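One structure is given below, encoded as structure tokens.
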Amino acid sequence: MALSGCRTAVPAPQAAPTQPTPIPTARTSTPVPEDIAWAKVLESARKEGVVTAYTSNLTGDIGRVTTEAFQKSYGIRLEIVGGIGAVLAERIKTENAAKKFVADTFDTTITGMLPLKDLGMFERLIDLPVLQQKDAWVVNPILDPGEGTVLQRMLTYQAPVINTKLVRPEDEPKSFLDFLDPKWAGKKLVAGQPKVSWPLVFLHTMLPDTIDEKYLRALGKQDLMIVANIRDESAVVARGEARIAVSTALSYVDPLIREGAPLKALAMKEGAVIPSAGVSALKNAPHPNAARVFINWWLSPEGQTVINRAIGTPSIRKDVPDFSSEATRIKPPKFLVLDEAANKLAAKYVAEGRVDKFLGVEIK
């Protein structure tokens, strides 16, 4: 596949609001047909009384506060089944094959959701009331436009991270090209092995003219410190074993910063990668109306506030604050959003070991 076909159009950056917009109150005018239809969904959802979420995100304390808030708003019980996305996906396939339908909704990274989507297992959600709020979004909440079966539920940036005790402000890189400067050679940069973690693969997919084969081969000659997985990148920088992580998931960085680690995320001039974090409603769900109400709530101002505050992440909505720590609250000049096509291309590159070969990393 030609690299020129890798580009994915991304929306222009939008400034975060200084104050959240109040949740709109109900209209007092004559209801339109869409309002009447949604009222029927709500009535049916309350009769169902429960929604079962297979989730890789709403676990532990996050799941607890989500469950309490959703039930308080709708009187519908939320049952959480947490786990690794790929494992949950296999469980859903097994249950469906046995016609023992349990899950109502499923959320994980889009790469974990695509196998189920390709099997036609997700319902269309394009008519949810929350999606009619056309100007509410930082990025398009529909990850598969034209189908509307997978919705983006949060922003998860991937960006470079520095150790503030080892990198002076005047030396902070401004571009991914800066990492090729000889001053960063000698295990002062760290990256996760692409076969295990994906940030460099995503960069190669989204910036094919910059993070190309030539760039990656030059980066590999910088005597990179290669760690086992994406979680280790920020940890070794926090310990001072490396000065910079070339690109890593800020969701792993934020907790370390809250614990006092000397870390800071950087916004590169090329933009910040936003991997897709999806949520879908399953066909043959035992509680189909409650599933729709839950997903609609998750993308509403209330749901986004409750869940993103608990996780400590920025919202996909403009009218909800960024709950990440100040050191990971970046303002990228543009968003590099991995839609369905980009994720499939990235998955192909990982399967081929493409970036590993360019870096000169031994593929295990």
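The values are calculated or read from the model by the stated rules, or taken from the named source; none is laboratory data. Fair warning: this is a prediction, and the values are worked out from it, not measured in the lab. Cβ atoms come from the backbone with ideal geometry, glycine included; neighbour counts cover every protein chain shown. Each accessible area value is taken on the protein alone, full model and side chains, heavy atoms only, with ligands, DNA and RNA left out. Shrake-Rupley method; radii C 1.70, N 1.55, O 1.52, S 1.80 Å.
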Top-ranked residue in region 320-349 [being among the hydrophobic types (A, V, I, L, M, F, W, C) and surrounded by fewer than 18 Cβ atoms within 10 Å (Cβ to Cβ); ranked as nearest to V139 (Cα to Cα)]: A341
Going by the conditions given, is T28 farther than 29 Å from E326 by Cβ and modelled with pLDDT under 95? yes
Single match in A285, A277, A310 (criterion: open to solvent by 10 Å² or more (accessible area, probe 1.4 Å) and at pLDDT below 95): A310
What do you reckon, is S315 touching a strand residue (DSSP E or B) at 6+ places or on another chain (Cβ under 9 Å) and buried (at least 20 other Cβ atoms within 10 Å of the Cβ)? no
For region 121-150, what are the residues that are at pLDDT 95 or above, assigned to a loop (DSSP other than H, G, I, E, B), open to solvent by 20 Å² or more (accessible area, probe 1.4 Å) and out of contact with any Gly (no Cβ under 6 Å at 6 or more places or on another chain)? M121, E123
Residue pairs, Cβ under 7 Å, 6 or more apart or interchain, first in region 122-138 and more than 11 Å from L151 (Cβ to Cβ), second assigned to a helix (DSSP H, G or I). List them. P129/W38; P129/N296
Residue pairs within 8 Å by beta carbon, gap of at least six or interchain, first lying in region 280-298 and within 14 Å of L116 (Cβ to Cβ), second part of a loop (DSSP other than H, G, I, E, B) and of a type in the set (S, T, Y), listed first then second, are S280/T149
Test each condition in (1) in contact with a helix residue (DSSP H, G or I) (Cβ under 7 Å, 6 or more places away or on another chain); (2) of a type outside the set (A, V, I, L, M); (3) modelled with pLDDT of 90 or more; (4) within 30 Å of G220 (Cβ to Cβ) for E352 and report the one that comes out false. (1)
Please find, within region 89-120, the residue that is modelled with the lowest pLDDT out of those that are under 18 Å from S276 (Cβ atoms), hydrophobic (A, V, I, L, M, F, W, C) and touching a Ser or Thr at 6+ places or on another chain (Cβ under 8 Å). I110
